[in-house]
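Taking it in order: structure first as structure tokens, then the write-up.
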């Protein structure tokens, strides 16, 4: 199926917040009892440790309805009662005591294991006051309050069905073929673990309880038991669920009390204990907004000792840093994990920001429950354990790997999600356990296909106040997507009072993970902020009244309070109208930033751009340094750039010092700058953009059958299609809403006359002009397929129409194009990569019926290892009987493959046949060629490939004829045998001169005898590659799709090997690097 990010019912789990006040667990809260079963259709409400997190969504647990929901204890204020002090090395013991006594502390303190701090009680004194006194003492190097942090939220195991969504999202079943975590110890610092549970007992090591001070880490709350089960619940035991690293060992360390909170000092002591007792990985599912030097010390000590540390990013729904996870950028070997749903989309309650390393599913997590049985929960508490388990799989496969290298493995193999490249919502992307665990294996998992960026509203950019779009009629509806989207509107008004409201087009559901919670900002014509509104939680409209002093244009910005991209069905309705009464006035304030060039998410940007961010304030130029103005590449690494300040235009300019790489993603981040009055920019400005790939990007999918008129169907797609009738098919719901074109294999079978078949975009009701061009030429008795790239009409609708015959039609989908798709295209000069006649790419000899050959596609022939799909012209020759050939991704290792469900090539004795194939790359970078019945030789020529860093993007067009030998269009006349003809494709009415390649349908008409035609980029001097684009026999016309790499002056060369033939070229789209 395609990758359009479907809705999954979700729950939220509260994370533990950390301060020198108590830390809290990041997991799902309500009530107090774990024993009760959550009523169907409800889930525990999310408790925000800081008072700012959104309520957890109310979701139908579906298959989990028979399991109790994990319930977080009711929140209670917990005050810190000690300070953590690090003395200067020169301070003597007696001097330390004098300092503590003078500050009002009690005693000399107890060393915090694994750190340079001592924990000192303050008695009845105020902790902040004591800390302030100590901070002024020259003998004290550092001091902080002991903050309290809160909790964050392929086997025979029967509950595996309930875990399948998350496990498939991170491609875990394939990872188990390479590693199960055996020999690795994962420490769970949490509320304890039920060490006797049937699904955990075989995995347990002796632990400790730092809350009660004994050796029994029993879990009174259930949070830690569910975390431990997510990491290492025993697999293949016929019981319960399964953990990511189901053969790893769990080291339980209880640091969270019955309120699911811990102090920094206790958490640090737990880390030190775990390291001393053999932990390889430490999981921390708790946090809080206050920084903590003692936790940073403990984590650095752990990493220095060779231990990987994984921390939950939090459940606050905002970008306020939560510690210790927020230290991830400062510590190589520490990962911060945000939470997604099972489709890989960020949840509305997930914490986000520039400190996130990677994302993982954290909704409807099923696992063991203290006392026996199972429970479900949600939250970043349960996303982090998936990453901890993945780290264990990596370490089991590569023992002794340094923590920084483990982090790099997990980050570099993550599947890009959200805004392209590194971003504050997913970090490097969605965890890909298969890619991480097999990175050093002999056989690698198939390259992970990046997740599509959530679709944006159509039309020009409206992401800044400077590009605000007119609001016509005072009202509109729209989405807030992708993540971080802001919609700006320009509204012409007269003087007076106006009410601005952002409501909902449908009742806002809290039963989904992506939460729509609008925020409003209104600016006057001078750029002053008249009002903001963010008082209501998700589901309630935001309203604000403003007074406009004079006629002019106001600007209204609508954004989402949280980091998620709500699904398209959840749209807001913006209304601006005159108010019946005057509003109380509030003094306007100066806005911060107003414009960005290029606009956020722009593709096709030149290789040496100057990125500009316009401000409404004068900035302190001393702040315009690399610490505050950062150009980053797609891995989050700094890019060398020159930063400037255009004072008259109040514009920050950033220019890279060398060319950026086409096809790669970058972002400019401006954070922490101050204006000349000393005020600090409240939130970072982020401008993501892509160099090159100036069109739509391709997402390869596992091939699936869309329509087969031979098979009974509930709609009107059953039965043969008569000549002139349109078979209308909508792909809405199968593809993302912003998909612009689809790649389908179109086949005609059982046709009763000579003719052709056309496939083209139409309106949702099937109306619209039919093109003159054809995709498929047919004759009775021969089933005929052809690949087609089809622009989508309104409602994502296409039509297939035969002209001449009555015929059955079959359509198989292989991928689609969209602005935020997975991969860009790289055209190549055609090269032969498979020929079973001479052993190229496969053993010598025909492929017999019921068998297949696998071709190494990625990592060979100049195709990079991360390629997601390849474009091949595939031909069958020497066929011994009627058969068909299917080209598909090589299945994952361990998958019981039962044969193909789609086909690409129909073959008959006595003639060679070719067809273009765009196919997703499978296991170990390979593509499978399956032959159904009779033996045949197979030949394949590589025309190009798609990869996440591909430099070209597609511009789909309505089918247009650009060359026809019959009318001397493009050609001088008929294509003569053995005489090359150069034809201009780029620089024509359908394809501009800047195009690098074109998607065409190539037809051979009235061949004088059997021959083939080659189409390839024109070169100077001329070349003649040994490839074929279409095979022809006398007495019938043939069509084949081709992706033509354009050569000198935008030309392609056409060559008929052994017979004269007429050639027709129709364009369906073209590729470009830069806009």
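Among the residues here, residue 561 qualifies as within 16 Å of residue 348 (Cα to Cα) and surrounded by fewer than 24 Cβ atoms within 10 Å (Cβ to Cβ).
State whether the residues of the range 837-849 include one that is in contact with a strand residue (DSSP E or B) (Cβ under 8 Å, 6 or more places away or on another chain), assigned by TED's automatic domain parsing to the domain that holds residue 943, on the phi < 0 side of the Ramachandran plot and surrounded by 23 or more Cβ atoms within 10 Å (Cβ to Cβ). Checked against the condition, which is being in contact with a strand residue (DSSP E or B) (Cβ under 8 Å, 6 or more places away or on another chain), assigned by TED's automatic domain parsing to the domain that holds residue 943, on the phi < 0 side of the Ramachandran plot and surrounded by 23 or more Cβ atoms within 10 Å (Cβ to Cβ), the range 837-849 yields no hits at all. Restricted to the range 60-169, the set of helices (runs of 4 or more DSSP H) holding at least 1 residues that are assigned by TED's automatic domain parsing to the domain that holds residue 266, modelled with pLDDT under 90 and buried (at least 19 other Cβ atoms within 10 Å of the Cβ) comprises 160-169.
The residue of the range 383-406 that is surrounded by the most Cβ atoms within 10 Å (Cβ to Cβ), among those that are closer than 28 Å to residue 699 by Cβ and out of contact with any helix residue (DSSP H, G or I) (no Cβ under 6 Å at 6 or more places or on another chain), is 383.
Look at (1) closer than 24 Å to residue 159 by Cα; (2) in a helix (DSSP H, G or I) and you find that residue 339 fails only one, number (2). Number of residues in the range 229-239 that are surrounded by 24 or more Cβ atoms within 10 Å (Cβ to Cβ) and touching a helix residue (DSSP H, G or I) at 6+ places or on another chain (Cβ under 8 Å): the value is 5.
Each row is one residue, and each column tells you yes or no for (1) within 25 Å of residue 220 (Cα to Cα); (2) buried (at least 24 other Cβ atoms within 10 Å of the Cβ); (3) modelled with pLDDT of 95 or more.
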residue	(1), (2), (3)
301	no, no, yes
312	yes, yes, yes
323	yes, yes, yes
331	no, no, yes
349	no, yes, no
357	no, yes, yes
372	yes, no, no
378	yes, yes, no
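Against the criterion of being closer than 30 Å to residue 315 by Cβ, in contact with a helix residue (DSSP H, G or I) (Cβ under 8 Å, 6 or more places away or on another chain) and surrounded by fewer than 21 Cβ atoms within 10 Å (Cβ to Cβ), residue 599 does not qualify. Anything in the range 796-818 that is more than 30 Å from residue 781 (Cβ to Cβ) and buried (at least 24 other Cβ atoms within 10 Å of the Cβ)? List them, or say none. Listed by number, the residues that qualify are 815, 816, 817, 818.
Of all the numbered requirements in (1) more than 29 Å from residue 816 (Cα to Cα); (2) in a strand (DSSP E or B), residue 442 misses one, and that requirement is (2). Listed by position, the strands (runs of 3 or more DSSP E) inside the range 550-603 whose residues that are under 30 Å from residue 663 (Cβ atoms) number at least 1 are 552-560, 593-597. Return yes or no: is residue 544 in a strand (DSSP E or B), in the same structural domain as residue 492 (by TED's automatic domain parsing) and either closer than 13 Å to residue 490 by Cα or within 27 Å of the chain's Cα centre (by Cα) (or both)? Taking the combined requirement at face value, the residue does not satisfy it. The sole residue among 201, 193 that is modelled with pLDDT of 95 or more and touching a helix residue (DSSP H, G or I) at 6+ places or on another chain (Cβ under 8 Å) is 193. Can you spot a residue in the range 849-865 that is over 24 Å from residue 177 (Cβ atoms) and part of a strand (DSSP E or B)? The answer is no; no qualifying residue exists. Strands (runs of 3 or more DSSP E) fully within the range 658-765 that include at least 3 residues being surrounded by fewer than 21 Cβ atoms within 10 Å (Cβ to Cβ): 697-708.
Scanning the range 455-465 for residues that are touching a strand residue (DSSP E or B) at 6+ places or on another chain (Cβ under 9 Å) and not in a helix (DSSP H, G or I) yields 455, 457, 459, 460, 461, 462, 463, 464.
Only a single item in (1) over 28 Å from the mean Cα position of the chain (by Cα); (2) at pLDDT 95 or above; (3) surrounded by fewer than 24 Cβ atoms within 10 Å (Cβ to Cβ); (4) within 22 Å of residue 119 (Cα to Cα) is not met by residue 327, and it is number (1).
The values are calculated or read from the model by the stated rules, or taken from the named source; none is laboratory data. This one's a predicted model, so the numbers in the text were calculated from it and none came from an experiment. With ideal geometry, Cβ positions are generated from the backbone for all residues, glycine too; neighbour counts draw on all protein chains shown.
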